[in-house]
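Quick note: the coordinates plus some simple rules give every number you see, no bench work behind them. Since the model is a prediction, treat every value here as computed from it, not as a measurement. Cβ sites come from the backbone with ideal geometry, for glycine too, and all protein chains shown count toward neighbours.
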Amino acid sequence: MPDWSERLNELAVAGEVTGAVLGIWHDGETTIAPYGVLNSVTGVEATADSLFQIGSISKPWTASMIVQLAAEDRLRLDDPIVKLLPEAPVDPRITVRHLLTHTSGIDGDLFTDTGRGDDCLQRYVALLADVDQLFEPGTAYSYCNAGFMLLGRLIEVLDGRTWDQSLKARLVEPLGLTHTVTLPEEAILERVAVGHLAADGSRVQTWQLPRSIGPAGTISASAADLLEFAKMHLTDERYAAMQEPQVPFAAGIGGFVDLGLTWRIYDWGGRRLFGHDGSTISQLAFLRIDPEARLAMCLLTNSGNGTRLFEPLASEVFTAYAGVAHPPAPQPIDVPVDDRHAGVYERASVRLDVAKRDDELVMTYSATGDRLLFSEDPVHEYELRPTEPADGDHFVTRESPAHPWVPVTFTPTHVFTSGRVTPRR
């Protein structure tokens, strides 16, 4: 078996990652390997018990609490959310299942800071009255952070306590987790990572997303604690339905082929895995779970270059333990492009300007609204390259020449990128 500490060190140096922790659980045996520093300014080293932000891997934690409430007969997944949460100013056809599967149609990237008080989720939900509906509920998939704030508020109402308190009572304490927190006053008591920019490795100036984003993305955890959560989903039958396909995912990046009840389902060489990724303010986290091999891997990083480290490392880990590798990223092809998709595309917090420049398409990403408060790279230009199928609608792009290609797909009415529907304006 490879020396995972050595491989992490080699690949992290090559990927220009500031700090990372690799966690592997295989059939009862756990391996934790740290690398680098948590904060380039203070020089505090990463250790096995260091906390990193897991970002949207928080969503399966919120979903797990919803599944618990369903098992307690407190709700049904096909209940309209307004039946359970009358304060929610959303389409009355939207169900709990729609929120768990990102099929509600709510324009979901609303990152408004509604304060540090215990009423932050209640105040956030009220803001959804002014948010657009992108499509009819249940008719399409578009990644929706706001849906998880609705679910978090539902947990608060049914449990009679804050989402943070329910997380502790329902998951953190029963699992015996000692390095999992949600609030900065808890994190400061631990060895905790700070994000660093991909471009130059400099430390970011904002540490965490607002408390109102908690159910979608503010958990910080150690690799060992995240693996304990993963093991729960391998061994506790209450959560088995979360791994069952609910919505097909056509883009297929990283082998992502279906969405379960929040878990992403992957096909790696014919083997079914599930997991999720997380991204906050220049901290990227990854979790993959292979039920057949009784294998879970997590990678926590405090760098915008985390993806450069994850894909080769995941391939090595899963090849060593399960005989499968991370699927290759889609690749560009050399065919002419036209300007049919040139124009402006806009959704909550993001504007995309697509233009034909010489013989190529260029997409300019601009953070808008609340996203500007924590965006370290508010304007970024991406080259769009054609890919298979060569129909003029399918493209790939990447953060830099060192990053993997990711898909971008156009229709006459929208562009689909980063898992989100962005309407043409």
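Quick look at the numbers
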| read-out | value |
| --- | --- |
| DSSP bridge pairs, region 1-328: antiparallel proportion in percent, nearest 5 | 100 percent |
| Charge-dipole axis of the chain as Lys and Arg at +1 and Asp and Glu at -1 on Cβ define it, positive-most pick from 365, 44, 115 | 115 |
| Hz values of 3J(HN,Hα) by residue in region 266-278 - Karplus curve (6.51, -1.76, 1.60), Gly and Pro given as x | 10, 10, 10, x, x, 9, 8, 10, 9, x, 6, 10, x |
| Relative exposure of 29, 156, judged by other C-beta atoms within 10 Å (fewest first) | 29, 156 |
| 5 angstrom amide H check on residue 384, placed H, neighbours 5+ away | 361, 362, 363 |
| Sequence of 276, 394 once ranked by neighbouring C-beta atoms within 10 Å, starting from the fewest | 394, 276 |
| Built amide H within the under 5 Å cut-off of residue 192, gap 5+ | 51 |
| Alpha carbon centroid spacing (whole Å) that separates region 177-204 from region 83-158 | 27 Å |
| Distance between modelled label sites at residue 293 and residue 337, nm, 7 Å Cα→Cβ extension | 3.5 nm |
| 277, 49, 338 arranged by Cβ crowding within 10 Å, fewest neighbours leading | 338, 49, 277 |
| Part-to-part distance (alpha-carbon centres) for region 6-38 and region 206-265, which is given in Å | 20 Å |
| Residues whose placed amide H lies under 5 Å from that of residue 329, excluding near-sequence neighbours | none |
| Over the chain: helical MRE at 222 nm, DSSP H runs n ≥ 4 each giving -39500 (n - 2.57), nearest 500 | -7000 deg cm²/dmol |
| Value of relative contact order over region 343-423, rounded to a whole percent, pairs C-alpha under 8 Å and six or more apart | 20 percent |
| Read-out mean projected area of the Cα convex hull in nm², derived from the coordinates shown; its label in [x] 18.9; [y] 27.9; [z] 20.0 | [x] |
| Hz values of 3J(HN,Hα) by residue in region 147-153 - Karplus curve (6.51, -1.76, 1.60), Gly and Pro given as x | x, 7, 5, 4, 5, x, 5 |
